[in-house]
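Data block below; observations after.
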Amino acid sequence: MGASYSEFETQWQTIDHGPCGIGRVVLLVTRASPADLPKGHDKKSDPVHQQPETIRFSAEHGVEGDRWKAGKDVERQISLTSLAVTKLVTGTRDRWHLVGNNLILDMDLSATALPLGSRLQVGTGEIEITAKPHEPCDRYLARFGQSAHDWVGDEGHAARHLRGRMAKVIRDGEVSVGEAISLLGT
């Protein structure tokens, strides 16, 4: 399935990782709660994802319509991933949603570009990058294969944040596909 670990790494070295400090929303994704799936549904190979043009998010509820629920870990309210990694791992546009992140951004998400605690203007709201790691899970493995799973999860690449970043909501808001994202306080 897909490229080998070394092919992913070689491709990564030759592509644009996205702009630093600014970017744009390429895709928005909400994920169905396991409780909302039919009994016996295989969420690993057949996820139930919506791809709305606009999402609302709040400190109380995370992303409206997403499986994250109030009372869960606020450090993981919103998941972000980069378009560059998404393209490498998924191959085609119709598979981008399978990475399972709420926001797919054309933006550099590395630790250098977005240090821990960075705040981003996201549409009308604001989010903060948290320390919670975003690691590939069994669903990622099932959808993209061992090489992709190992490459994005390699501890040697931790500062790249290839799997993406986690964020919490600072100010409630709304964001649409195509909108600009910007680092605050720079």
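Values quoted throughout were computed directly from the atomic coordinates according to the rules given, and no laboratory measurement underlies them. For clarity, every value in this text was computed on a predicted model and none was experimentally measured. Cβ placement follows ideal geometry from the backbone for every residue including glycine, while neighbour counts extend to all protein chains displayed.
Observations on the structure shown:
- Once both labels are positioned 7 Å from their Cα atoms along Cα-to-Cβ, the gap between GLN51 and GLU126 label points is 3.2 nm.
- Cα-based Lys pair tally, the chain, threshold under 21 Å, eight or more apart or on separate chains: 10
- Phi-derived couplings, Karplus 6.51 cos²θ - 1.76 cosθ + 1.60 at θ = phi - 60°, listed residue by residue for segment 125-133: x, 9, 10, 10, 5, 9, 7, 4, x Hz, with x used for Gly and Pro.
- Residues in segment 5-20 carry Karplus couplings, in order, of 3, 5, 5, 4, 5, 4, 4, 4, 5, 10, 10, 6, 8, x, x, 9 Hz; the curve used is 6.51 cos²θ - 1.76 cosθ + 1.60 with θ = phi - 60°, and Gly or Pro positions show x.
- Report summary: the helix-based calculation at 222 nm, which adds -39500 (n - 2.57) for every DSSP H run with n ≥ 4 and divides by the residues of the chain, gives -5000 deg cm²/dmol.
- Of the residues ALA167, ALA59, PRO19, the one whose Cα sits farthest toward the positive end of the charge dipole of the chain, with +1 on the Cβ of Lys and Arg and -1 on the Cβ of Asp and Glu, is ALA59.
- Beta-bridge orientation, the chain: approximately 90 percent antiparallel, per DSSP, counting only bridges with both partners inside.
- The dipole here belongs to the chain: it is taken about the Cα centre, uses +1 on the Cβ of Lys and Arg and -1 on the Cβ of Asp and Glu, and is about 320 debye.
- Scaling the Cα radius of gyration of segment 114-186 by the globular reference 2.2 N^0.38 Å produces a ratio of 1.28.
- Principal axis box of segment 63-122, alpha-carbon based, largest edge first, Å: 35, 29, 17
- Percent of Cα pairs in the chain per distance bin of 5 Å, from zero to the largest separation: 1, 8, 17, 23, 21, 16, 9, 3, 0, 0.
- Once backbone amide H atoms are built at 1.01 Å from N, LEU184 has ARG119, LEU120, GLN121 as its partners under 5 Å, excluding neighbours fewer than 5 places away on the same chain.
- Residues ALA59 and HIS157, FRET efficiency given R0 of 35 Å [Cβ-Cβ distance, rounded to 0.05]: 0.70
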